[in-house]
Amino acid sequence: MSSSNAPFDFSEMLISLTSKIILRVAFGDYNGSDGRFNRILTEMQKLLGGFWVADYFPWLGWIDAVSGMRGRLERNFKELDEFYDQVIEEHSKTSRVGETQKDDFIHVLLRLHKDPIYGKTISSRNHIKGILSDVFVGGTDTSFATLEWTMTELMRNPEVMDKAQQEVRSIIGNKGKVEEDDLKHLNYLKLVVKEVLRLHPPAPLLLPRETTKNCMIKGHTILSKTRVFINAKAIGMDPNAWRNPTYFWPERFVDNDVDFKGQDFRLVPFGVGRRICPGINFGVAIVELVLANLLYCFDWELPFGMRKENLDLEEEVGITVHRKNPLYLTVKPWLH
C-alpha cells in the first residue's frame, strides 16, 4: 500500500488482522480456518446485533421466523457447530512432539477437559465450543473497533499522533519492531488507549445484567430478574466526572489513577466485578501491540484533499460499535 501512496480501506485490513490473531491463538496452524470461519463469525455478529422481536415482545416471536431471522440463526449455529466439531476432532488426533508443536487454545481446553479437577467444569465438547464462541465473539470485533477508533482519533489529532510516534520510536530505536516486552515502557501510548476506551468503549452498553432481588435505587423500585444495561459510554462522557468530556485529551490521565480494570466507576469499558470481561488483559495487549507497531513502522496521512475536520465519527449500530464508514488512509514506511 505504501508503494502506491493511494488511499486504502484501513478498516478492512484491521478486521482481517484481529481475526487472524484470534484464529492463530485458538487454532494454531490449523489449515483452512480463515475464510470459512470469518464468514461464519461475521454472520454471527450480525445476528447478535440484529433486531429480534421476541426480545421485546415474546408473544410475537413468530415474526422472527417469518422475517427469516430464526432461519438464519439456525443455519449459522449449524455451520458453527460443524466447524467446531471438525477442528476439535483434528486437534484431538494430534499429539505434541517435543518443541515442534506449540499449544493453542483448543489444546489447552482439551487438556483441561481430561484433567480430573478441571474436567468437572469443562465436562463436554459443548463446553469447549461455548468457551471458543465467547473468545471469538468477545475478542475479534472489540479489538478491531478499538483500533479503528484509535486511528480515527489520532488522525483527527495529529499533535497526539506525533507525540505517540516520538515516544515509540525513541524507545524502540532501530530494533525493527515493537515486541510485547516493550509495551511497559510506552506510557503515553497507554494514555492514548485509555482515552479512546473512555470516548469509544467497543461495547457501549456492556453485556446485559439481571437483578437477583428487589431493590430500591433513588426512589425507584427495581424488581428481581429485571434486565439491566449499563451505559459505559454515557459514564465516560459524564461532565460531572470528566472535564471537557468530548475533547480527546490523553493527558487527562497523567498523574490520574483512574483505570479501566474495574476499580473506578468513572471508566468501565470492560465492566466491573465478577462479570468483568475475562479477556481484558489479552484484548489490551493486542490493541497496544498492534497500535505501537503501526505508529513505529509507518507515517499515516489522510487521503489527498481531506482535512482532519472532515473525518466523520458516525457510528454503526450494533453490540460492538465501530465506524459506520470505513477509514481510508495513505501510508509511508518510516525510514529509521
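Just so it is clear, none of the values below were taken in a lab; they were calculated from the coordinates. Since the structure is predicted, the reported quantities are computational estimates derived from the model, not experimental observations. Every residue, glycine among them, receives a Cβ derived from its backbone with ideal geometry; neighbour counts consider all protein chains shown.
Label points 7 Å out from Cα along the Cβ direction at residue 246 and residue 312: separation in nm?
Spacing of the two 7 Å Cα→Cβ label points: 1.8 nm.
So how do 330, 246, 18, 94 line up by other beta-carbon neighbours within 10 Å, fewest first? Intermediate values should be presented prior to the final figure.
Details: 330 20, 246 9, 18 24, 94 13.
So the ranking, lowest neighbour count to highest, is 246, 94, 330, 18.
From the P(r) of the stretch 133-231, can you give the percent of Cα pairs sitting at distances over 25 Å? Before the final figure, lay out each step's value.
Details: 2078 of 4851 pairs.
Result for the distance tail: 43 percent.
Evaluate E = 1/(1 + (r/R0)^6) for residue 265 and residue 180, where r is the Cβ-Cβ distance and R0 equals 25 Å; express this FRET efficiency to the nearest 0.05.
Working: r = 30 Å, r/R0 = 1.19.
Efficiency computed from Cβ-Cβ geometry: 0.25.
Hey, got the Cα dimensions of the stretch 45-166 along the principal axes, in Å, largest first?
So the three principal-axis extents are 54, 53, 24 Å.
Using 1/(1 + (r/R0)^6) with R0 = 41 angstrom and r between the beta carbons of residue 59 and residue 114, what's the FRET efficiency to the nearest 0.05?
Details: r = 45 Å, r/R0 = 1.10.
In this case the efficiency is close to 0.35.
Over all directions, what mean area does the Cα convex hull of the stretch 260-336 project, stated in square nanometres?
Working: hull surface 30.3 nm².
Across all orientations, the stretch 260-336 yields a mean hull projection of 7.6 nm².
Testing the spin-label approximation: label points 7 Å from Cα along Cα→Cβ at residue 217 and residue 281. State their distance in nm.
The modelled label-to-label distance comes out at 3.0 nm.
Taking a 18 Å limit on the Cα-Cα distance, which of the listed pairs 129/261; 20/233; 163/190 fall beyond it? The partial results should precede the final answer.
Working: 129/261 27 Å; 20/233 28 Å; 163/190 12 Å.
Violating the 18 Å Cα-Cα cut-off are 129/261; 20/233.
Relative contact order for the stretch 106-240 using alpha-carbon pairs under 8 Å, separation at least 6, rounded to a whole percent?
Details: 101 pairs, mean separation 22.9, N = 135.
In percent, rounded to a whole number, it is 17.
Compute the length gained on full extension between residue 74 and residue 328: take 0.36 nm times their separation in residues and subtract their Cα-Cα distance, giving the result in nm to one decimal. Walk me through the intermediate numbers first.
Numbers: separation 254, 0.36 × 254 = 91.44 nm, distance 3.54 nm.
Contour length minus the Cα-Cα distance gives 87.9 nm.
How many percent of the alpha carbon pairs in the chain exceed a separation of 24 Å?
On the way: 35543 of 56280 pairs.
I get 63 percent for the Cα pairs in the chain exceeding 24 Å.
Please compute the length gained on full extension between residue 17 and residue 229, using 0.36 nm multiplied by the number of residues separating them and subtracting their Cα-Cα distance.
Working: separation 212, 0.36 × 212 = 76.32 nm, distance 3.04 nm.
Stretched out fully, the residue 17 to residue 229 stretch lengthens by 73.3 nm.
Regarding the stretch 199-250, what are the three Cα extents along the principal axes, ordered largest first, in Å?
Here the Cα extents, ordered largest to smallest, are 40, 24, 10 Å.
Post the alpha-carbon centroid distance, the stretch 277-336 to the stretch 62-87, in whole angstrom.
Using only Cα atoms, the two centres lie 32 Å from each other.
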